[in-house]
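Worksheet: the structure to be examined is printed underneath.
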Amino acid sequence: QLIRLSGWHPPEFAPNDPTLEWQWTQKVATLSLRNPKRDVTFYLEYDARNDLLGGVPQQVGVFCGDARLASFAADARSPTLERIPVTAAQLGGAEMVELRIELDRTFVPAKLPNVGNDPRELGIRVFHAHVEPR
């Protein structure tokens, strides 16, 4: 089970579908989990608003400690699943492990024309984050 530590905005729901839930990240979002001490897959379902960033995708890095587990361009306008393999060695030997999602850029809707008055710094929108042993 993943615990959202820092860098997460409160959960939001689609007005027309209360079963559709997401959380926006900030520039750096941290997750914690009990170390399974074996290889896992980190599933991250997200979308992004490149249209608000000049059409240029944000660059996303996923880290465990200093180790970069994956990097990708956040170019999905609809929910997209990233599957990130993580080895037991990358997770290390500690009981609890932190995974970090780092973005090169964020946006503030209130500072953009005709986007609304939301003053939050937003990164990517995360629908699901899950770790499963392989």
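Rundown of residues vs (1) closer than 16 Å to Ser6 by Cβ; (2) of a type in the set (Asp, Glu); (3) within 16 Å of the chain's Cα centre (by Cα), yes/no style:
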site	(1), (2), (3)
Cys64	yes, no, yes
Ala67	no, no, no
Glu82	no, yes, yes
Leu99	yes, no, yes
Glu102	yes, yes, yes
Leu112	no, no, no
Arg125	no, no, yes
Glu132	no, yes, no
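Of everything listed in (1) touching a Phe, Trp or Tyr at 6+ places or on another chain (Cβ under 6 Å); (2) in a loop (DSSP other than H, G, I, E, B), the single unmet condition for Ile84 is (2). Considering Asp51, Asp66, the condition of being of a type in the set (Asp, Glu) and over 29 Å from Arg34 (Cα atoms) is satisfied by Asp51 alone. Candidates in region 1-15 are the residues that are modelled with pLDDT under 95 and open to solvent by 60 Å² or more (accessible area, probe 1.4 Å); of these, the one that is nearest to Arg125 (Cα to Cα) is Pro15. The residue that is nearest to the chain's Cα centre (by Cα), counting only those in region 27-60 that are over 30 Å from Lys111 (Cβ atoms) and basic (Lys, Arg), is Arg34.
Here the condition is being within 17 Å of Asn50 (Cβ to Cβ) and in a strand (DSSP E or B); of Val126, Val115, Val131, Val97, it holds for Val126 alone. One residue is enough: does region 20-41 have a residue meeting the conditions at pLDDT below 95 and either of a type in the set (Phe, Trp, Tyr) or assigned to a strand (DSSP E or B) (or both)? Yes: region 20-41 contains one or more residues that are at pLDDT below 95 and either of a type in the set (Phe, Trp, Tyr) or assigned to a strand (DSSP E or B) (or both). If the condition is being among the aromatic types (Phe, Trp, Tyr) and open to solvent by less than 10 Å² (accessible area, probe 1.4 Å), then region 25-45 contributes only Phe42. Pairing residues of region 42-54 that are part of a loop (DSSP other than H, G, I, E, B) with residues that are open to solvent by 60 Å² or more (accessible area, probe 1.4 Å) and of a type outside the set (Gly, Ala, Ser), at Cβ distances under 9 Å and at least 6 apart in sequence or on separate chains, gives Ala48/Asp75; Ala48/Arg77; Arg49/Arg77. Looking only at residues in region 63-82 that are charged (D, E, K, R) and farther than 18 Å from Trp22 by Cα, the one that is least open to solvent (accessible area, probe 1.4 Å) is Arg68. Annotation: Arg134 fulfils all but one of (1) out of contact with any Phe, Trp or Tyr (no Cβ under 7 Å at 6 or more places or on another chain); (2) among the basic types (Lys, Arg); (3) at pLDDT 95 or above; the unmet one is (3). Residues that are open to solvent by 30 Å² or more (accessible area, probe 1.4 Å), among the aliphatic types (A, V, I, L, M) and in contact (Cβ under 8 Å) with a residue 60 or more places away in the chain within region 83-103 comprise just one, Met96.
The values are calculated or read from the model by the stated rules, or taken from the named source; none is laboratory data. In this text the structure is predicted, and so the values were computed from the model without any measurement. Every residue, glycine as well, gets a Cβ built from its backbone with ideal geometry; the counts of neighbours run over all protein chains shown. The accessibility values were calculated without ligands, DNA or RNA, using every heavy atom of the protein model including side chains. Shrake-Rupley method; radii C 1.70, N 1.55, O 1.52, S 1.80 Å.
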